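For reference, the structure discussed in these notes is given below.
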Amino acid sequence: MAVHKFIYRRPDYPINSGQHPFINIVLLVGYTNNTIKAFQNMAAAIKADLPFVNIDEIEFGRVYKSERYQGFTIASWSGRVPIETEFPDKWIVHAECDPDYYW
């Protein structure tokens, strides 16, 4: 099962005092079932790496347009985080670019 972890920093949202710009967190999992248990596991994986994420705010879907991730299940969260937040190395951080997939 292919798993990809991305964080996108949104340059179009200004930095508030003590916070990063708005970010989008995306977990892509290929060839998984669309079951509640699979979604719970994906949410738990995000929470384990990024404890500031509120599980109740994670959204799920399926990538419908992409050369690389077509058909993958996606879990995403968007919001602001404290400026001192460090992201784990297993998450690829993109600054000032948009995802190359749609869901």
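The values are calculated or read from the model by the stated rules, or taken from the named source; none is laboratory data. Bear in mind that the values here come from a model prediction, so they are computed numbers and not experimental data. As a convention, Cβ positions derive from the backbone with ideal geometry for all residues, glycine included, and neighbour counts pool all protein chains shown.
Specify the residue that is nearest to residue 12 (Cα to Cα); the eligible residues are those in segment 54-103 that are among the aromatic types (Phe, Trp, Tyr) and in contact with a helix residue (DSSP H, G or I) (Cβ under 9 Å, 6 or more places away or on another chain).
Taking the candidates together, the pick is 77.
Would you point out the residue of segment 71-103, among those that are among the β-branched types (Val, Ile, Thr) and part of a loop (DSSP other than H, G, I, E, B), that is surrounded by the most Cβ atoms within 10 Å (Cβ to Cβ)?
81
Can you tell me which residue in segment 31-61 is farthest from residue 74 (Cα to Cα), limited to those that are of a type in the set (Phe, Trp, Tyr) and crowded, with 16+ Cβ neighbours inside 10 Å?
The selected residue is 39.
Give the residue that is farthest from residue 84 (Cα to Cα), with candidates limited to residues of segment 1-23 that are at pLDDT 80 or above and charged (D, E, K, R).
5
Conditions tested, residue by residue: (1) modelled with pLDDT of 95 or more; (2) touching a Lys or Arg at 6+ places or on another chain (Cβ under 6 Å); (3) within 24 Å of residue 85 (Cα to Cα); (4) not aliphatic (A, V, I, L, M).
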{"residue": "31", "(1), (2), (3), (4)": "no, no, no, yes"}
{"residue": "36", "(1), (2), (3), (4)": "no, no, no, no"}
{"residue": "47", "(1), (2), (3), (4)": "yes, no, yes, yes"}
{"residue": "51", "(1), (2), (3), (4)": "no, no, yes, yes"}
{"residue": "57", "(1), (2), (3), (4)": "yes, no, yes, yes"}
{"residue": "67", "(1), (2), (3), (4)": "no, no, no, yes"}
{"residue": "71", "(1), (2), (3), (4)": "no, no, no, yes"}
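Hey, any hits in segment 8-16 for a residue that's among the hydroxyl-bearing types (Ser, Thr, Tyr), closer than 17 Å to residue 95 by Cβ and surrounded by 16 or more Cβ atoms within 10 Å (Cβ to Cβ)?
Yes, some residue in segment 8-16 is among the hydroxyl-bearing types (Ser, Thr, Tyr), closer than 17 Å to residue 95 by Cβ and surrounded by 16 or more Cβ atoms within 10 Å (Cβ to Cβ).
Please name all residue pairs, on different chains or six or more residues apart, with Cβ atoms under 7 Å, provided the first residue is in segment 83-101 and is within 17 Å of residue 51 (Cα to Cα) and the second residue is in a loop (DSSP other than H, G, I, E, B).
Cβ pairs passing all conditions: 83/18; 83/20; 85/20; 85/52; 93/87.
Is it the case that some residue within segment 62-70 is in contact (Cβ under 8 Å) with a residue 60 or more places away in the chain and surrounded by 12 or more Cβ atoms within 10 Å (Cβ to Cβ)?
yes
Filter segment 30-53 down to the residues that are in a loop (DSSP other than H, G, I, E, B) and in contact with a helix residue (DSSP H, G or I) (Cβ under 9 Å, 6 or more places away or on another chain), then identify the one that is nearest to residue 2 (Cα to Cα).
Top of the filtered list is 32.
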